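Only the coordinates and a few stated rules stand behind these numbers; no lab work does. As the structure is a prediction and not an experimental result, all values here were calculated from the model. Cβ placement follows ideal geometry from the backbone for every residue including glycine, while neighbour counts extend to all protein chains displayed.
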Amino acid sequence: MLTKKYLLALDQGTTSSRCIIFGRGGNILSVAQREFTQFYPQTGWVEHDALEIFDTQLAVAHEAIEKLGALPDEIAAIGITNQRETTVVWDKTTGKPICPAIVWQCRRTADYCDSLKAQGLTDMIRKKTGLIIDAYFSATKLRWVLENVPGARTRAESGELLFGTVDCYLIWRLTEGRVHATDVSNAARTMLFNINTLEWDKDLLDLFGIPESMMPAVVPSSGVIGYTKMLGGNIPIAGDAGDQQAALFGQCCFEAGGVKNTYGTGGFMLLNTGDRPVFSENGLLTTVAWKLGNGKVCYALEGSTFVCGAAVQWLRDGLGIIKKASESETVAMKVPDNGGVYIVPAFVGLGAPWWDAYARGAIFGITRGTTKEHIVRATLESMAYQTYDLLYTMEKDAGTTINALKVDGGASSNNLLLSFQADICSLPIIRPSCVETTALGAARLAGLGTGFYSDTDEIASFRGEETRFDPSMDEKKRNELLSMWHKAAKSVLGWTKE
Ligand code: ADP
């Protein structure tokens, strides 16, 4: 018997499929990545080819294994994490999707969602699923497939078709059709799953006209789901979680009050609320974070900023005042403060706590002394202010006090941003040395699911080096800045409304 020493994470993202192999301590040993095709057949529509997703995912897994020279028997388990909500429908016999996968970003069912809201279903759906009615979630996408792909409804009703999110399709393919399952965190993003009972909701399946025979079994996020022979040997698939929930686990936010923020193109904050779902008063989503093999369920509150690192891309590509994203830090450091400049990057409206689709971006406080350095600094600060607003909203909704914020994502490498974040939130900000927290979370769920780790305490003992940013701003200054930011944010509300 060879020693099991590796955990293999399949990180199936919106633009690329990646595989990362981790050692026991969470150290990265091998990485492979491939992009796949994005299809935009009409304005507002986004599609993927699920076969291409599977092929690229399998190819990167082989590549990462070969790079490391790992033997299949040395791999303790596979963990899967994925773009959430994206909807795949396939033929149970051939495994072929019957139409392109409808991606979470696709807005084709937005009008139908408006009609659901007009019927007064918002409250019922929120209480059952924790979600606000939106085209993001899988339910209306799956209904669209059944209504619009010729023969789909009849075939679904006769039990020939299966539905799944991307994790589910990967598991089905990796187990060569033996296992049709998804985990609670992915199920919670479909708008068909009752997060209180942790079962598919019959009323919602009826409402959307979805035959229950299409639906996967819902399993814990950690624990053996099936075995694959496709990478050599017979390797257990023992972890499965949506990308944001996996990142929360990868950041070791195992207990209620643990919170992480991902500074990517957009920003995603998740707060672990423990074993009870907290229903937001302020438009945040309630979701299942994970269920472990010991039956322990954790829920989370989730909020997002539509434009986070994307504001830095705008400085680079739109304004051309920096050449690369990392330059935003050195340029902003050339001025001691924002010089009274505030930027509200409401390029596509504002999310929580404002929820205004009509808001648009603006720059406030420009004087003759304003320089490009101030603009860059104000842009970085806007990322921190928006993160503060989310954090504050979560604290209020959950009735808890947050003690520290863990961070990851591309822009979390910016030290100036994180120091300012610490000042504005008046909290320590903690950045792990491994910012690949999504893949790490999937690997850790898988390791826990096979007994490679004995419990979450053991995982936490491998947290490794962290960089900590402590607050140092005085209260008066902080309040002044926040009040100016809120004045700016309020000024852009309703901008494009007739
Ligand atoms: P995603 O997974 O959403 O594609 P990433 O986590 O890879 O995003 O982060 C990329 C984003 O982070 C980009 O929007 C980029 O502008 C921003 N970014 C990357 N490095 C920095 C930096 N040093 N300072 C500020 N923003 C950065």
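Side notes on the structure shown:
- Under a model in which nothing but the beta-carbon of Lys, Arg (+1) and Asp, Glu (-1) is charged, the chain shows a dipole of about 560 debye around its Cα centre.
- Helix 437-449 vs. the chain, principal-axis angle (Cα, 0 to 90°, nearest 10): 40
- For segment 1-150, the convex hull spanned by the alpha carbon atoms encloses 151 Å³ per residue.
- Volume per residue of the C-alpha convex hull in segment 360-498, rounded to whole Å³: 169
- Percent of Cα-Cα distances greater than 24 Å, calculated over segment 266-372: 45
- Note on the chain: dipole from Cβ charges, positive end direction compared against 446, 19, 254; the farthest Cα belongs to 19.
- Here segment 91-202 is described by how far its Cα atoms reach on the three principal axes: 41, 31, 26 Å, from widest to narrowest.
- Its Cα gyration tensor gives segment 116-269 an equivalent ellipsoid. The semi-axes, each the square root of 5 times an eigenvalue, are 26, 24, 13 Å from largest down.
- The string of couplings for segment 203-215 from the Karplus curve (6.51, -1.76, 1.60, θ = phi - 60°) is 4, 6, 4, 5, 4, 8, x, 10, x, 5, 4, 7, 7 Hz, one whole number per residue in order, with x for Gly and Pro.
- Helical runs (DSSP H, four residues minimum) scored at -39500 (n - 2.57) apiece and divided by the length of the chain put the mean residue ellipticity at 222 nm at -10000 deg cm²/dmol.
- Amide H to amide H, with H built 1.01 Å from N, residue 227 comes under 5 Å of 237, counting only residues 5 or more places away or on other chains.
- Of 5/67; 67/260; 372/487; 406/490, pairs whose Cα-Cα distance is over 25 Å: 67/260; 406/490
- Here the calculated FRET efficiency for residue 475 and residue 111, from their Cβ-Cβ distance with R0 = 56 Å, stands at 0.70, rounded to the nearest 0.05.
- Listed residue (425, 409, 485) projecting farthest to the positive dipole end of the chain, Cβ model: 485
- About the centre of its Cα atoms, segment 275-396 shows a dipole size close to 260 debye [charges on the beta carbon of Lys, Arg (+1) and Asp, Glu (-1) only; nearest 20 debye].
- Extension gain for residue 59-residue 206 works out to 49.0 nm (0.36 nm per residue, less the C-alpha to C-alpha distance).
- The ranking of 104, 90 by Cβ neighbour count inside 10 Å, starting from the fewest, reads 104, 90.
- A simple charge model with +1 on the Cβ of Lys and Arg, -1 on the Cβ of Asp and Glu and nothing else charged puts the dipole of segment 36-137 at about 580 debye relative to its Cα centre.
- Computed on the Cα atoms alone, the convex hull of the chain gives a volume of 144 cubic angstrom per residue.
- Approximate shape of segment 6-251 as ellipsoid semi-axes (Cα gyration tensor, √5λ), whole Å, largest first: 31, 18, 17
- Taking 235, 363 and counting other C-beta atoms within 10 Å, the order from fewest to most: 363, 235
- With the charge dipole of segment 6-251 set up from +1 on Lys and Arg Cβ and -1 on Asp and Glu Cβ about the Cα centre, the Cα lying farthest toward the positive end among the listed residues 185, 80, 28 is that of 185.
- Per-residue Karplus couplings for segment 259-271, computed as 6.51 cos²θ - 1.76 cosθ + 1.60 with θ equal to phi - 60°, are listed in order as 9, 10, 10, 9, 9, x, 4, x, x, 10, 10, 10, 10 Hz, Gly and Pro entered as x.
- Between the Cα long axis of helix 415-425 and the first principal axis of the chain there is an angle of about 80°, rounded to the nearest 10.
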